[in-house]
Amino acid sequence: MTFPKHIIPVTAIAAMAVSSAAFAIDGTINFEGLISDVTCEISVNGATNNATVTMPSASIAALATAGSTAGVTPFNINLTGCAGPTLNTAHTHFEMGPSVDAITGHLNNVTGTAGNVQVQLLNALSAPIAVGRLNQGDTAVDISSGAGTMSYFARYYATGPATAGTVGTRVDYTIQYE
């Protein structure tokens, strides 16, 4: 059986109209942001913007149960030479990455050999920071004078009875200016 030439295009158009109805729009998401004109020089504990925070040794006895912590270690992110017409405040956003536990917001022991241990970050008030989340619990610092210091702590966090070994992890960060 042969079809007239004008039937095939009409059938194709009707099929596309019916199939597009299956993909109805349920809503719209708008994205808004800010590109800041503020810049600062960044250092961690007086070194460069890429630094290592050395934590103390802790015993497995101190990390014998899930939720126990040890080895609180302070570190600072210093902002200097801040310039721009809108110097107000700044805070650190710790980025989600391969070493971050998406559930706890702690840093997994990715290069070390100790078992059942994560590194937990704390803000200047010693409250936990939920790394990788939008609202992390960080505190902003005033940079209107052209400089500011953001103080933090890192500590070992047991996810179960810790086993002896090394701990190694990392986190990327972005300074957010407000």
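The values are calculated or read from the model by the stated rules, or taken from the named source; none is laboratory data. Here the structure is a predicted model, which means the values were calculated and not measured. Note: ideal-geometry Cβ built from the backbone for every residue, glycine included; neighbour counts use all protein chains shown. Keep in mind that these areas ignore ligands, DNA and RNA; they rest on the heavy atoms of the full protein, side chains included. Shrake-Rupley method; radii C 1.70, N 1.55, O 1.52, S 1.80 Å.
Using only side-chain charges placed at the Cβ, +1 for Lys and Arg and -1 for Asp and Glu, the dipole size of segment 18-146 relative to its Cα centre rounds to 360 debye. Rounded to the nearest 10 degrees, the angle from helix 7-20 to the longest Cα principal axis of the chain is 30 degrees. Here the accessible area of segment 92-133 is 58 percent carbon and sulfur, with a 1.4 angstrom probe and all protein chains present. Plainly put, the chain has a radius of gyration that is 1.30 times its Kirkwood radius, both from alpha-carbon atoms, as the Rg/Rh ratio. Note down the net charge around Gly97, summing +1 for each Lys or Arg and -1 for each Asp or Glu among other residues with Cβ under 12 Å from its Cβ. That sum, taken over residues with Cβ under 12 Å, equals -2. Across the options Phe31, Ala147, Gly168, the greatest Cα extent toward the positive end of the charge dipole of the chain (unit charges at beta carbon of Lys, Arg, Asp, Glu) belongs to Gly168.
What order do you get for 155-164, 124-133 when each peptide is scored by the mean count of other beta carbon atoms within 10 Å, highest first? Numbers along the way, then the final one.
Numbers: 155-164: 18.5, 124-133: 16.5.
Per-residue mean Cβ counts within 10 Å order the peptides as 155-164, 124-133.
Helical content of the chain, expressed as a calculated mean residue ellipticity at 222 nm, amounts to -2500 deg cm²/dmol (DSSP H runs of 4 or more residues, -39,500 (n - 2.57) each, divided by residue number, nearest 500). Ordered by 1.4 Å accessible area with all protein chains kept, Met96, Met55, Met150 run largest first as Met96, Met55, Met150. The residues of the chain present an accessible area of 62 Å² per residue when probed at 1.4 Å with all protein chains retained.
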